[in-house]
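This report concerns only the one structure given below.
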Amino acid sequence: MPAGLHSAGTAEFVHSDAPILPAPTALAAFVGRTLKGPVDIPVPIADFAQFTQVFGGLWSESPLSYAVEQYFEHGGTAALIVRVANGGRPPTLDLPAGDGLLSFAGLSPGRGEHLRAAVDHDGIAPGDTERFNLIVQQVRERRSERIIAQEIYRRVSLSGNGADHVARALESSRLVRLAGALPRSRPEATQAAAGPQGVGYYVADNGDGDDGRPLDEYDLIGSESIRRGMFALEGRVFNLLCMPSPDPRRDLGPQALLAASAFCRRHHALLLVEPPQDWRDGATALAGLRGAPFRASDALMFFPRVETPDRLVPGQSVGFASGGVVAGLLAAADRAATDWWNAPPPQLHQRQGCRLQASPSASESLQLAALGVNVLGDGRSTSATALPLRAMHPTTTVAGSTLSLRAQRLLSWIALSIERATRWASRERDEPDVGERACQQVLEFLDRLHAANAFQSVGLEGRPFAIADSSINDLAVTVRGEFRMVYGLGPATGRQAPLAWLLVQKATGARTQSVVVNPYALRSRA
């Protein structure tokens with residue numbers, strides 16, 4: 001990465017007087033079913049051990065779990081996980097309290113969710129019969145001492161309506177909420193375990209968690225209004241979306257692929273599409289492509305599927321799509337390159353122990369690539385991976401230019417970086433120099449990329465430009481609470497149309513779209 005360009009990670013850059021920090025690249029998001037964990041909440045994960053701790057690890061009914069494992073096995077170092085559930089029930093837990101029970105319900109459904117709690121009266125005045133101390137823990141397994149999370153609530157009470165009421169205190173809990181009516185007396189101090197549900201001086205949950213029904217495609221899609229399913233990723237930064245079929249025995253349907261592709265387009269990301277399970281070899285893949293109902297410029301497909309030894313069933317193998325493998329390899333390739341846009345195409349060879357389920361011939365690989373399907377290599381030959389990576393459909397700008405996948409990735413990354421760094425402009429849109437400051441901020445970023453040959457390396461020409469004057473930000477735009485900017489690359493020749501994008505910043509978010517700009521208007525501003 002050239003001098004002055006450093007990844008901004010996941011933080012938002014909002015200061016108008018600071019340089020634009022580039023967004024991350026090849027950061028993968030996974031959406032699907034897991035054994036346990038928070039539902040419809042994007043959780044950052046740094047390795048598979050952490051995934052196992054939070055989401056339960058491998059599960060035969062969770063293709064997502066195998067994809068995440070392969071992502072980290074093949075070079076991924078950070079991911080966002082969104083667990084989706086269809087129904088399900090969290091475990092409940094009961095603490096003895098005189099002639100009643102103080103009952104809790106967990107926040108996360110599933111048989112793999114294990115909770116326990118304890119009560120003591122330490123530090124409570126002998127005459128105070130209202131207050132108690134509560135400890136709640138999430139543990140790896142039932143009767144396990146491996147604690148995942150712990151919350152302590154001191155001097156809480158069952159009476160009154162202040163902040164010390166146990167119900168108010170648990171409003172911030174990430175583990176439990178109160179369930180049922182309150183008992184008449186405070187819970188008793190927890191004693192040493194005497195029965196099968198006790199663990200030390202803790203009381204275990206009732207073991208009544210339930211995984212819910214198998215997911216369908218609409219569960220994965222979710223709801224934009226309440227941010228469920230893939231829409232839980234709204235406002236989060238990711239570059240690759242892996243949304244495995246919720247059923248390991250069937251493929252993801254076109255309705256989910258269409259919705260996910262549109263979602264990725266809006267977020268400057270790429271969707272990793274699973275090849276159908278009945279594509280057994282190169283010939284069936286080519287035949288299936290001729291009638292394929294889904295093709296998109298915001299989607300990547302890699303053939304064939306892969307299989308590995310199943311760690312859940314010794315001596316057997318498990319097969320799955322290659323999305324997690326590819327996401328990990330792309331992440332590793334981007335991380336290894338100084339300027340990832342200048343790097344040669346990544347050698348997409350799966351690691352040892354991960355076997356391809358088909359071996360298309362060189363001719364079949366060329367035909368598949370021509371139809372927008374990338375072919376994984378087997379580690380012995382580079383014939384397939386020597387081909388440049390392709391999207392499932394070429395990207396064409398409104399100016400008529402067809403972009404390579406490398407150019408598309410670069411421009412999406414630029415759009416994401418600029419959107420995040422110029423959010424301040426929507427708040428300061430009434431300031432007289434907001435357009436000038438925003439243009440300067442964007443031009444400095446684009447000029448640094450131009451000097452690093454980022455555009456030339458992907459076949460793009462022309463000098464960067466940015467416009468945010470009153471011709472774009474008129475009174476109607478300001479009244480709508482928007483700030484607008486047009487930026488891009490000017491024409492390299494007098495006959496060539498500029499590549500241009502319209503950025504719209506609002507308090508509720510931003511969007512970027514390709515637009516047509518009159519080249520003579522640009523020359524008149526030069």
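The values are calculated or read from the model by the stated rules, or taken from the named source; none is laboratory data. For clarity, every value in this text was computed on a predicted model and none was experimentally measured. A quick note on method: Cβ atoms are made from the backbone with ideal geometry, for glycine too, and the neighbour counts reach across all protein chains shown. Note: accessible area is taken over every heavy atom of the protein model, side chains too, but ligands, DNA and RNA are not part of it. Shrake-Rupley method; radii C 1.70, N 1.55, O 1.52, S 1.80 Å.
In units of 2.2 N^0.38 Å, what is the alpha-carbon radius of gyration of the stretch 198-352?
1.27
Roughly speaking, to the nearest percent, how much of the chain's 1.4 Å accessible area is carbon and sulfur?
51 percent
For the stretch 282-373, what class follows from the C-alpha gyration tensor (a ≥ b ≥ c being the square roots of its eigenvalues): rounded when a/c is under 1.5, otherwise prolate if a/b is larger than b/c, else oblate?
Oblate, since a/c reaches 1.5 and b/c is not below a/b.
What fraction of the DSSP beta bridges in the chain is antiparallel, stated in percent and rounded to the nearest 5?
Around 75 percent of the beta bridges assigned by DSSP in the chain are antiparallel ones.
How much accessible area per residue does the stretch 92-216 have, in Å², with a 1.4 Å probe?
Heavy-atom accessible area per residue stands at 52 Å².
Cα extents of the stretch 19-151 along the three principal axes, largest first, in whole Å?
The principal-axis extents, from largest down, are 61, 43, 25 Å.
I'd like the Karplus ³J(HN,Hα) series for the stretch 217-230: coefficients 6.51, -1.76, 1.60, θ = phi - 60°, whole numbers in Hz, and an x wherever there's a Gly or Pro.
Computed from phi, the couplings for the stretch 217-230 are 5, 6, 5, 5, 4, x, 9, 6, 5, 10, 6, 10, x, 5 Hz.
When ranked by the protection proxy of mean other Cβ atoms within 10 Å per residue, highest first, what sequence do the peptides 30-37, 418-425, 174-181, 89-96 form?
Sorting 30-37, 418-425, 174-181, 89-96 by mean packing, highest first, produces 30-37, 418-425, 89-96, 174-181.
Ordered by packing density, taken as the mean number of other Cβ atoms within 10 Å over each peptide's residues, highest first, how do 103-116, 323-336, 150-163, 245-258 rank?
Output ranking for 103-116, 323-336, 150-163, 245-258: 323-336, 103-116, 245-258, 150-163.
Using all C-alpha to C-alpha distances in the chain, build P(r) with 10 Å bins and read off the rounded percent in each one.
Per 10 Å bin, starting at 0, the Cα pair percentages come out as 4, 17, 23, 21, 17, 11, 6, 2, 0.
Apply the Karplus curve 6.51 cos²θ - 1.76 cosθ + 1.60, θ = phi - 60°, to the phi angles in the stretch 360-368 and return the couplings in whole Hz, x for Gly and Pro.
x, 6, 4, 5, 5, 4, 5, 5, 5
At 7 Å along the Cα-to-beta-carbon direction for both Arg146 and Lys506, put a label point, then send me their distance in nm to one decimal.
Between Arg146 and Lys506, the simple spin-label model gives 4.7 nm.
Go through the stretch 127-133 residue by residue and turn each phi into a ³J(HN,Hα) via Karplus (6.51, -1.76, 1.60, θ = phi - 60°); whole Hz please, and just put x for glycine and proline.
x, 8, 9, 9, 8, 7, 9
Taking every pair of alpha-carbon atoms in the stretch 78-196, give the share separated by more than 19 Å as a whole percent.
For the stretch 78-196, the fraction of Cα-Cα distances above 19 Å is 50 percent.
If you put +1 on each Lys and Arg Cβ and -1 on each Asp and Glu Cβ, how big is the dipole of the chain around its Cα centre, in Debye rounded to 20?
Dipole size: approximately 820 debye.
Among Ala370, Ala358, Val166, whose Cα lies farthest out toward the positive end of the dipole of the chain, if unit charges sit on the beta carbon of Lys, Arg (+1) and Asp, Glu (-1)?
Ala370
Taking amide hydrogens as modeled 1.01 Å from N in the peptide plane, which residues meet the under 5 Å criterion relative to Ala299, leaving out close sequence neighbours?
The answer is Leu271, Met392, His393.
Given H placed on each backbone N at 1.01 Å, which residues far from Ile41 in sequence or on other chains put an amide H within less than 5 Å of it?
Placed amide hydrogens put Arg83 under 5 Å from Ile41.
Taking Rh as the Kirkwood radius computed over C-alpha pairs, what is the Stokes-Einstein D of the stretch 217-259 at 37 °C in a medium of viscosity 0.692 mPa s, expressed in µm² per second?
Answer from the Stokes-Einstein relation: 294 µm²/s.
What is the gain in length, in nm to one decimal, between Asp164 and Asp128 on full extension, counting 0.36 nm per residue of separation less the C-alpha to C-alpha distance?
Contour length minus the Cα-Cα distance gives 11.6 nm.
Provide the three semi-axes, in whole Å and in decreasing order, of the ellipsoid equivalent to the stretch 144-195 as defined by the square roots of 5 times the Cα gyration tensor eigenvalues.
Result for the stretch 144-195: semi-axes of 22, 17, 10 Å.
Please list the non-local residues whose amide H lies under 5 Å from the amide H of Ala149, H modeled 1.01 Å from N, same-chain partners needing a gap of 5 or more.
Residues meeting the criterion, in which the H sits 1.01 Å from N, are Gln138.
Using the Cα gyration tensor of the stretch 25-70, with a ≥ b ≥ c the square roots of its eigenvalues, what is the shape: rounded (a/c below 1.5), prolate (a/b larger than b/c) or oblate (neither)?
Rounded.
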